[in-house]
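Notes follow once the structure below has been shown.
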Amino acid sequence: MKNEWKESLAKKYIKEYQLKNVSKDLALRIYSTHLLGNNPELVLHGGGNTSVKSIKKNLFGNDNDVIFVKGSGWDMSDLNERGLPGLYLDPLIKTLSLKNMNDEKMVNYLRSNLLDSNSPNPSIETLLHAYLPFKYVDHTHSNAILSLVNLDNSKEILNKIYKDKIAIVPYVMPGFELAKLCHKVISKNYKVEGLMLLNHGIFTFGDSAKQSYDRMIKLVTLAENFLNKQKKIIKYNNNNNNKLNITDLQLCIRNLYHSFTKKRWIIRLNNKFEDIKFTNRKDLFNLFNKGPVTPDHVIRIKPEPLIIPNKHLSSRKLLTKHIDTYIKKYKNYFKKYKKNIKNSKIADPLPRIIILEGIGFLSIGLNKKEMQISYDIFDAMKKVIIKANYVSAFKSISNTDIFKMEYWPLERAKLSNQNTKKFNGYVAIITGGAGKIGSAIANKFINENIEVILLDKNFKKLNLNIKKKCLCIECDLTNNSQIDRALKKVLKLYGGIDILIANSGAAFQGSMINVKKEVLVKSLEVNFYSHHNIVQKIANVMVSQGFGGSISLNLSKQSVNPGKDFGPYGIAKASSLFSMKQYALEFGKYNIRVNGINADRIKSGLLTDQFIKKRAKARNMSAIEYLNNNLLQKQVTAEDVAEVFFAQLSFEKTTGNIITVDGGNIEASLR
């Protein structure tokens, strides 16, 4: 493992944090925490923790020994000084004299000794950090280390590799008991460079941030080198998957998840070469059903994945049976072990990882972020288990200990801040997504925790902040093969589609008395057929998905209220209005709502400054008069249109409807 420490960067951290009145000790703690947190082979999604012991003056100007520890659940890759709450050290050390301390008392005691009462909760392993007699302490869940501490003969292997460089700590659930045990172990030999916690991870320490970090890299590298020398012949099956429709499989599973929870789930297919290869192992079903590689993972991806045999993947009946069996098994697991955690309430029993033999695996979450966490953790887990299997037999903690960790209130608190907005995790496609209206809709949807995919011919003018938060796919909506490719990608990455905003379009002008046929044809192709093409395909996806959806078309006031010399555009838009009603008529039985937005005079890629001048001239107005020419005498913006598109999502019993957003225009009002 590469050592990323750079003295120049360390000095930069010291200088920058000095401007925020942050000490050198804490600045270096932040720097090395970032180094650890940005290495996915060491730390994933809020895992791991770090600390530094220092001195700070109290209210009376007296020096006090203090400790700064990573806040519970904070991400080590980008935290700042607030993510390392400070505590008075001496009161924490005094708890060593206690024989017992339950979690509630521990958390309360930690909070009562914070330097700042507004600080986040410090790590659940704060006492462990406090008890270790070293200035800097680092803790990670290194993949290489996890491959060695989860074996039936871990002690033997660790002693062989490290000799007297480390001390070994038997598995104990994090908290007061583990802190006391680690103190007992380290007291026997203060010269060790690290602690190996069986079935858990690694601690290193030192007098400086660099020394502790260097030791982490050194000990992990020794583990990597050992693992790389291990060899074992692996036998593989040869599964034939040519006839399997993966999209149908994902839609089927998304339907089953929705039927159980009434929520939308992101279900991504991972089928890179390595993802497929491991699913063809002959020992697949024995290798991945033995528990997590570190207890911290269990709250994210359950005690084990669901594995579905290749021969069952084409049958909805058998897929349903496998998921039902997993659910029943999980409920039995909860019932059997719930006595271990007082007042525990069952979480949803659905698997977060589904291994498809010969195909790859599905990573699952209630939104894209959760799904990505499921992916990252399982991807690390499978690497750990596979490498552990080269050395010896993988062995996790007992089911009792797994349950205690999964339902431990201090762990579940990490999940309690999840956003519960109404459309959390819904998947939305917005066409014309790079334009002003499209990007305004995207921005609104993103703020409502909707997963946004933008389709457009190019994204050169799209705001970079929005671009980072969306999946942007270049697509010409007049080309069916391009639409097919775009939807195939969306379904692979998300597993379904819940919302379509058909927003693309282009303005075509000309008087009807002399307009050329090719202008009419082009306008119909861009403003009618392109909408029809994608609405038709997505409506069919929604039917297969089985629990409805929302489709909204940007129709423009031109569809009901013609403008002078604007016939080519209006004819196409009027056709889209009729198709909207026809789709509403035909797809209502599938709970697919199809509605329209009647917007007018919105400055955008369609209604450019030059175009506004032309339309204003056609009505003998100035540009400002044209934009404000409505009953409310107010200019309507792209953001106003976005609000209406969003509002339409909540009208669960409305279809075939048109909402007008134009500041008031009686001629364009429908009824």
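The values are calculated or read from the model by the stated rules, or taken from the named source; none is laboratory data. Keep in mind that what you see is a predicted model, and the values were worked out from it rather than measured. Backbone-built Cβ (ideal geometry, glycine too); neighbour counts: all protein chains shown. Side chains are part of the model used for accessible areas, which takes the heavy atoms of the whole protein and leaves out ligands, DNA and RNA. Shrake-Rupley method; radii C 1.70, N 1.55, O 1.52, S 1.80 Å.
Here the label points at residue 274 and residue 460, each 7 Å from Cα along the C-beta direction, are separated by 3.7 nm in the simple model.
Taking the protein heavy atoms of the chain in the context of the full set of protein chains, the accessible area attributed to carbon and sulfur is 50 percent at 1.4 Å.
Taking the three principal axes of the alpha carbon atoms in the range 542-601, the coordinate ranges are 44, 19, 13 Å, sorted in descending order. Quotient of the Cα radius of gyration of the chain and 2.2 N^0.38 Å, N being its number of residues: 1.14.
Per residue, the chain reaches -13000 deg cm²/dmol at 222 nm when only DSSP H runs of four or more residues are counted, each adding -39500 (n - 2.57). Distance cut-off 29 Å, Cα to Cα: go down the list 603/653; 342/395; 460/589; 573/653; 263/461 and report the pairs above it. Over 29 Å apart, Cα to Cα: 603/653; 460/589; 263/461. Ranked from largest to smallest solvent-accessible area, with a 1.4 Å probe on the protein heavy atoms, 140, 637 come out as 637, 140.
Suppose R0 equals 45 Å. What FRET efficiency, 1/(1 + (r/R0)^6) with r the Cβ-Cβ distance, do residue 58 and residue 492 give to the nearest 0.05? Could you put the intermediate results ahead of the total?
Working: r = 57 Å, r/R0 = 1.27.
So the FRET efficiency works out to roughly 0.20.
When DSSP beta bridges are restricted to pairs lying wholly in the chain, around 50% turn out antiparallel. Please work out the Cα center distance from the range 67-91 to the range 236-257, rounded to the nearest Å. Here the two parts' Cα centres lie 44 Å apart.
Quick note on the range 483-537: its Rg to Rh ratio, both from C-alpha atoms and Rh being the Kirkwood radius, is 1.15.
Placing pseudo-labels 7 Å out from each Cα toward the beta carbon at residue 611 and residue 262 gives an inter-label distance of 4.3 nm. Annotation: per residue accessible area for the chain equals 46 Å², rounded to a whole number [probe 1.4 Å, protein chains only]. Residues whose amide H falls under 5 Å from that of residue 205, counting only those 5 or more places apart or on a different chain, are 138, with hydrogens built in the peptide plane. Kirkwood analysis of the range 408-564, using all unique Cα-Cα pairs, places the hydrodynamic radius at 17.2 Å. If the segment from residue 112 to residue 233 were pulled out straight at 0.36 nm per residue, it would be longer than the present Cα-Cα gap by 38.0 nm. Given R0 = 22 Å, the distance between the Cβ atoms of residue 650 and residue 369 translates into a calculated FRET efficiency of 0.45. In terms of the Cα gyration tensor, with a ≥ b ≥ c the square roots of its eigenvalues, is the range 135-218 rounded because a/c is under 1.5, prolate because a/b exceeds b/c, or oblate? Rounded, because the longest to shortest axis ratio a/c is under 1.5.
In a fully extended conformation the segment linking residue 101 and residue 578 would gain 164.7 nm over its present Cα-Cα distance, using 0.36 nm per residue. With 25 Å as the limit, the listed pairs 155/218; 290/368; 70/135; 2/369; 383/421 have 290/368; 2/369; 383/421 beyond it between alpha carbons. Let me know the shape class of the range 176-309, please: from the alpha-carbon gyration tensor, a ≥ b ≥ c as square roots of the eigenvalues, rounded when a/c is under 1.5, otherwise prolate if a/b is greater than b/c, or oblate. Prolate is the answer for the range 176-309, as a/c is 1.5 or above and a/b outweighs b/c. What shape does the range 101-163 take by its C-alpha gyration tensor, where a ≥ b ≥ c are the square roots of the eigenvalues and a/c under 1.5 counts as rounded, a/b above b/c as prolate, and the rest as oblate? Since a/c reaches 1.5 and a/b is larger than b/c, the shape of the range 101-163 is classed as prolate.
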